1. For the range 65-101, give me each residue that is charged (D, E, K, R) and in a helix (DSSP H, G or I).
2. Return a yes/no flag: does the range 119-128 have any residue that is under 21 Å from I20 (Cα atoms), open to solvent by 60 Å² or more (accessible area, probe 1.4 Å), free of Cβ contacts under 8 Å to residues at least 12 places away in the same chain and not aromatic (F, W, Y).
3. Are any of the residues in the range 40-52 away from the ligand (no atom under 15 Å from the Cβ), within 15 Å of I4 (Cα to Cα) and loosely packed, with under 15 Cβ neighbours inside 10 Å?
4. Please go through (1) modelled with pLDDT of 95 or more; (2) open to solvent by 10 Å² or more (accessible area, probe 1.4 Å); (3) in contact with a strand residue (DSSP E or B) (Cβ under 9 Å, 6 or more places away or on another chain) for L149 and return the number of the only condition it doesn't satisfy.
5. Could you list, in sequence order, the residues of the range 5-25 that are under 20 Å from N112 (Cβ atoms) and either within 11 Å of the ligand (Cβ to nearest atom) or in contact with a strand residue (DSSP E or B) (Cβ under 6 Å, 6 or more places away or on another chain) (or both)?
6. Can you work out which of the residues in the range 69-92 that are open to solvent by less than 40 Å² (accessible area, probe 1.4 Å) and away from the ligand (no atom under 16 Å from the Cβ) is farthest from the chain's Cα centre (by Cα)?
Amino acid sequence: MITIINGPNLNLLGTREPDIYGHDTLDDINAWLTKRFEGARSFGDSAFDGVLLEFFQSNCEGEIIDKLQEAGFKPGMRGIVINPGAYAHYSIAIRDAIAALPVPVIEVHLSNIHSREDFRHRSVTAPVCRGIISGLGKEGYALAIESLLK
Ligand code: DQA
């Protein structure tokens with residue numbers, strides 16, 4: 001299994017600043033990912049129960065940390081894809097939670113955080129992630145999942 005976590009305000013995708021984040025809702029993106037990876041199996045996963053992708057969204061830092069801990073120690077977990085939203089820029093608690101996990105975590109941002117305001121240029125969570133994809137829209141989630149499946 002791979003868990004995809006989306007942080008604050010990403011539940012508003014579709015209507016939230018569409019010039020930056022596009023017109024897809026989070027449900028649209030999750031349905032697109034489910035279809036795209038239909039038939040993909042979690043190879044080498046003895047606990048594989050047929051559900052490859054699990055989706056989670058929260059606006060609350062503590063709930064994101066609880067989900068990271070729950071998913072990160074689950075048997076058969078391949079890895080976690082996280083778009084921490086604005087928490088990427090300042091949440092040491094989420095950074096520490098990621099650093100504590102035995103599974104790889106990939107950070108995704110829909111927009112290119114380096115081409116936006118200065119305060120978005122720094123991610124405190126990225127250094128403890130396996131990699132970061134920023135600016136490729138929903139494709140970023142798919143590329144992160146593909147890399148975890150390799
Ligand atoms: C974001 C970028 C963040 O700076 C912002 O706070 C978000 C969305 C992105 O996906 O581009 O909420 O993570």
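The values are calculated or read from the model by the stated rules, or taken from the named source; none is laboratory data. Keep in mind that what you see is a predicted model, and the values were worked out from it rather than measured. Quick reminder, even Gly has a Cβ in these numbers, built from the backbone with ideal geometry, and neighbours come from all protein chains shown. Surface areas here come from the heavy atoms of the whole protein model, side chains and all, with no ligands, DNA or RNA. Shrake-Rupley method; radii C 1.70, N 1.55, O 1.52, S 1.80 Å.
1. D66, K67, E70, R95, D96
2. There is at least one residue in the range 119-128 that is under 21 Å from I20 (Cα atoms), open to solvent by 60 Å² or more (accessible area, probe 1.4 Å), free of Cβ contacts under 8 Å to residues at least 12 places away in the same chain and not aromatic (F, W, Y).
3. yes
4. (1)
5. Passing the criteria: N6, G7, P8, N9, L10, L12, L13, R16, E17, I20, Y21, G22.
6. So the first thing to find is which residues in the range 69-92 are open to solvent by less than 40 Å² (accessible area, probe 1.4 Å), and the list is 71-72, 76-77, 79-85, 87-89, 91.
Those left that are additionally away from the ligand (no atom under 16 Å from the Cβ): 71-72, 76-77, 79.
Values: A71: 12, G72: 13, G76: 18, M77: 14, G79: 10 Å.
Here the answer is G76.
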